[in-house]
């Protein structure tokens, strides 16, 4: 946000007049409010910076109905996945998408000579991880085998059992079931 001082826009000769200085200083808070509102609107225009209201607008545009209690990160990931589902996709595009969805906390192990790639992520929640595990349907070339390995700071015991995210996806486990499985 910019610091707006209206008096600074006038030539120095006007600074000595008390009436002008008082009027302009009284208007400064209004311009600060206007700048905050403009920043808010600007942030709502982009999926990456949008809050609840901005994401709701993108969801309406794409026909997405968020589940009750879905986090902002999951909703943002849903919008990005559907918004950017046009082909063709490049490795650079995949890296940029992973940076947005995981906050840069990922690792890609490329083994193109055997048509395989592993993507290791630390996901903010299970829903974002499930979306990323489903990436191959949308943006990964058909001739490439992709394994998505997700790590959660709160579900360490589950990953000690060597369960991959694809196994969770195949079993259609809910978040409650994942918690139950982690406690065994």
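Values as computed for the structure displayed
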item	result
Index of the failed condition, residue 86 passing every other in (1) over 26 Å from residue 50 (Cα atoms); (2) part of a loop (DSSP other than H, G, I, E, B); (3) at pLDDT below 65	(1)
When residues of the stretch 27-49 are limited to those that are touching a residue at least 12 places away in the same chain (Cβ under 8 Å) and under 19 Å from residue 123 (Cα atoms), the one surrounded by the most Cβ atoms within 10 Å (Cβ to Cβ)	47
Test: residue in the stretch 50-68 that is surrounded by fewer than 11 Cβ atoms within 10 Å (Cβ to Cβ) and either in the same structural domain as residue 146 (by TED's automatic domain parsing) or at pLDDT below 80 (or both)	no
Filter pass, residue 61 being over 30 Å from residue 6 (Cβ atoms), without any contact (Cβ under 8 Å) to a residue 12 or more places away in the chain and part of a helix (DSSP H, G or I)	yes
Pairs where the first residue, in the stretch 94-119, is more than 13 Å from residue 146 (Cβ to Cβ) and the second is loosely packed, with under 12 Cβ neighbours inside 10 Å, C-beta under 9 Å, 6+ apart	100/48
Test: residue in the stretch 8-20 that is outside the structural domain of residue 131 (by TED's automatic domain parsing), outside any helix (DSSP H, G or I) and either in contact with a helix residue (DSSP H, G or I) (Cβ under 9 Å, 6 or more places away or on another chain) or within 30 Å of residue 131 (Cα to Cα) (or both)	yes
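The values are calculated or read from the model by the stated rules, or taken from the named source; none is laboratory data. Keep in mind that what you see is a predicted model, and the values were worked out from it rather than measured. Because the Cβ atoms are built from the backbone with ideal geometry, glycine has one as well, and the counts that use them run over all protein chains shown.
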